[in-house]
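J.: What follows is a structure written as structure tokens; I'll ask about it next.
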Amino acid sequence: MSLFRIALKNILRRRLRTALTLCGVAVGIAAFVALVGFSRSFEREWLRAYQSAGTDIAVVQKTFLNTSVDVSVGAKLRALPEVADAVPMILNMMDLTPEVNALVYAWPANCYEMDALTILQGRRFQDGQPEVMLGEVLADNLGKKVGDTLELQGAPFGVVGIFRGGSAFETGAALLPLGELQKLADLGDKVSAFHVHLRPAPAGESEQQYVQRARARIEAALPGLKAVPAGERARNNQLATLARSTAWGTSLIALLIGALGIANTMAMSVFERTREIGVLRALGWRRWRVMELILMEAAMLGFTGGVLGIFGGLAALRVLSLLPATASIAQASIPVLHAVEALVIAVLIGLVAGLVPALRGARLSPVEALRYE
Amino acid sequence: MSECLLEARALTRSYDGGRIQALRGVDLQVRAGEFLSISGPSGSGKSTLLQLLGGLEGPSSGEILFKGRSFADFFDLDAYRAREVGFVFQAFHLLPTLRVVENVQIPMFEGPLGARQRREKAEALLVEMGLAHRLQQHPNELSAGERQRVAIARSLANDPEILLADEPTGNLDTENSAKIMAILAGIQASRNMTLIVVTHEPEIARAAERNVHIRDGRICPQ
């Protein structure tokens with residue numbers, strides 16, 4: 001018989017209470033897996049979108065106001081020696097139908113980013129025309145094909161192409177000519193950002209050093225704007241930051257509730273087993289061994305709740321990946337590291353929640369505990 | 001005469017801020033291999049004395065010596081309880097979720113044995129107690145007499161030098177009481193252990209080699 005077996009028997013003693021506690025932990029961990037997983041997949045896809053197109057730097061307003069960079073900045077950017085190309089772009093979420101909300105990109109038709117897309121049906125849009133290209137997932141969600149019309153803010157746009165992008169973002173997005181979206185949203189010559197594709201790094205200079213040098217030169221040439229390397233932009237853009245803080249905030253609340261559930265269960269369990277703990281102490285068990293037993297029980301609750309929560313979170317992500325509104329961003333799988341992280345958090349929650357009951361159990365006087373009725 | 005194994009000197013124990021005086025200056029010497037009974041009416045302090053001798057709690061004043069070494073100066077009382085002393089309680093105090101063979105292994109967690117050795121030793125002790133057919137059962141499936149035999153097997157788990165039994169027959173009928181006392185006396189004789197039994201039953205007190213009688217927290221002169 002091992003300590004593990006004793007702990008297991010103790011937590012199975014009150015099965016309903018244990019099951020309810022596990023549900024609490026599982027909900028917290030499921031929220032963590034689904035929400036944080038969702039926000040991370042958001043960042044990952046954002047980065048993949050940059051990487052697949054070859055974007056090295058995004059140039060945005062220092063104040064991070066959306067659609068506030070003037071299109072004339074492009075000429076100054078292209079004049080810099082490190083810059084191979086600079087593409088003005090607008091990116092925003094838009095309600096395409098009452099049910100489907102999707103990312104909408106607006107680019108010039110001949111930009112380098114367009115070259116990274118695979119046209120599955122139809123063709124590229126033409127600048128100056130009310131035309132739209134749809135990512136294959138979005139087209140599927142909308143039930144649209146080439147030749148159909150999509151109404152955007154009351155204006156009809158002809159669907160001219162279905163494409164597959166380098167990231168799930170693009171595959172679930174709509175793509176419009178830049179000028180058409182500026183006209184539609186009354187933006188004048190303003191864009192969200194410029195995506196910059198750099199020339200190859202000179203020999204002897206690392207990619208990272210080169211990007212940092214180009215960044216410094218862009219910022220020196222364009223006061224009021226900032227140049228953000230693609231990886232940083234993927235992590236720290238407004239949407240990613242909002243998604244991450246919302247995910248962590250909501251998860252932490254759910255995890256706190258799960259922790260309180262374990263703390264309550266362990267406190268009740270120690271209270272009910274006062275005399276048994278007294279017996280263990282009377283038979284020579286040291287205080288730390290009593291603590292070890294109680295903490296092991298709490299950690300087992302955390303671990304089991306964590307495993308259930310991971311499956312729950314995966315189920316939630318699966319649902320999100322099927323819903324039209326979120327299908328473009330959510331992925332039904334999570335990286336192994338994220339699952340390990342969730343399990344570690346679950347066990348830590350168990351240990352922290354079990355600490356006070358464990359200390360209480362360990363401090364019991366054997367004589368008083370044996371007298372306890 | 002055997003050496004003095006356990007000694008109490010001017011032992012007092014009070015509770016509730018001194019309002020209750022359970023022991024009022026007890027001096028007692030227990031020899032190695034001795035069968036000692038401690039008798040007295042309810043509330044006389046006999047169980048308190050046993051608890052102090054067993055290291056379950058400390059005295060308010062006075063001292064206890066084991067093999068000449070004072071508890072206060074030398075002892076890790078957890079280790080003392082685990083290695084030197086075996087307890088048998090009136091209420092058995094078996095853990096209800098564990099099987100019989102698992103209950104006997106509990107004290108061995110503080111010993112050097114691995115899981116398999118613990119199990120083998122627990123089985124051997126239970127066989128010795130005539131409980132070979134009860135190894136896998138839970139305490140609530142056993143009779144009172146059988147439970148006390150499990151508790152005795154558990155008390156022997158770490159081969160202690162001293163066996164402390166607090167009213168071991170208090171919850172048993174006459175037949176089982178006789179059996180349990182015979183087992184305890186047999187263990188004491190065969191293993192040359194020191195057996196201290198707290199009892200209020202005159203027959204058990206008489207069966208011991210020596211009896212001390214306690215009244216109002218003091219040992220009465222014989």
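Read-outs: derived from the displayed coordinates by stated rules, not from any lab. All values reported here derive from a predicted model rather than from experimental measurement. Positions of Cβ are backbone-derived with ideal geometry, glycine not excepted, and every protein chain shown enters the neighbour counts.
J.: How would you rank A:TYR112, A:TYR105, going from fewest to most other Cβ atoms within 10 Å of each one's own Cβ?
T.: Arranged by neighbour count, lowest to highest, A:TYR112, A:TYR105 become A:TYR112, A:TYR105.
J.: Could you give the angle, 0 to 90 degrees to the nearest 10, between helix A:287-322's Cα long axis and the longest principal axis of the Cα atoms of chain A?
T.: Approximately 30 degrees, to the nearest ten.
J.: Taking +1 at the Cβ of each Lys and Arg and -1 at the Cβ of each Asp and Glu, which of A:SER269, A:GLN331, A:ILE345 sits farthest along the dipole of chain A towards its positive end, judged by Cα position relative to the Cα centre?
T.: Value computed over the given set: A:SER269.
J.: OK, next. What list do you get for B:MET181, A:MET268 if you sort them by fewest beta carbons within 10 Å?
T.: The fewest-first ordering by Cβ neighbours comes to A:MET268, B:MET181.
J.: While we're looking at this one, here's another question. For the stretch A:1-31, which trypsin sites (Lys or Arg not before Pro) pass both filters: DSSP loop (anything but H, G, I, E, B) and at most 15 other C-beta atoms within 10 Å?
T.: Loop-located and lightly packed - A:ARG13, A:ARG14.
J.: For the stretch B:25-39, in order, what is each residue's ³J(HN,Hα) by Karplus, 6.51 cos²θ - 1.76 cosθ + 1.60 with θ = phi - 60°, in whole Hz (x at glycine and Pro)?
T.: These are the phi-based 3J(HN,Hα) values: x, 9, 10, 7, 10, 10, 7, 5, x, 7, 9, 10, 10, 10, 10 Hz.
J.: Counting only other chains, what is the mean number of Cβ atoms within 10 angstrom of the Cβ of each residue in peptide B:109-115?
T.: The per-residue average across the peptide is 3.
J.: In what sequence do B:LYS46, A:LYS183, A:LYS144 fall when counting other Cβ within 10 Å, fewest first?
T.: A:LYS183, A:LYS144, B:LYS46
J.: Anyone know which of A:VAL356, A:VAL347, A:VAL228 comes out most mobile in the 10 Å Cα GNM of chain A?
T.: A:VAL356
J.: Counting only other chains, and only Cβ atoms inside 10 Å, what mean value do you get across the residues of B:54-61?
T.: For this peptide, the per-residue mean of nearby foreign Cβ atoms is 2.
J.: Give me the net charge for the shell around A:GLY161: Cβ to Cβ below 10 angstrom, other residues only, Lys and Arg +1, Asp and Glu -1.
T.: +1
J.: Would you mind counting up the charge near A:LYS9? Only other residues with Cβ under 11 Å from its Cβ, with Lys and Arg at +1 and Asp and Glu at -1.
T.: Value of the local net charge: +1.
J.: To the nearest 10 degrees, how steeply does helix A:336-363 sit against the main Cα axis of chain A, on a 0 to 90 scale?
T.: Rounded to the nearest ten degrees, it is 30.
J.: When the helices in chain B are scored as -39500 (n - 2.57) per DSSP H run of 4 or longer and the sum is shared across all residues, what 222 nm value do you end up with, to the nearest 500 deg cm²/dmol?
T.: -9500 deg cm²/dmol
J.: So what's the gap between the Cα centers of the stretch A:37-98 and the stretch A:150-172, to the nearest angstrom?
T.: Result: 18 Å between the Cα centres.
J.: Can you give the net charge of the other residues whose Cβ lies under 9 Å from the Cβ of A:ALA227, counting K and R as +1 and D and E as -1?
T.: Combined, the nearby Lys, Arg, Asp and Glu give +2.
J.: Using the Cα centre as the reference, give the magnitude of the dipole from point charges on the C-beta atoms of chain A (Lys, Arg: +1; Asp, Glu: -1; all else neutral), rounded to the nearest 20 debye.
T.: 2180 debye
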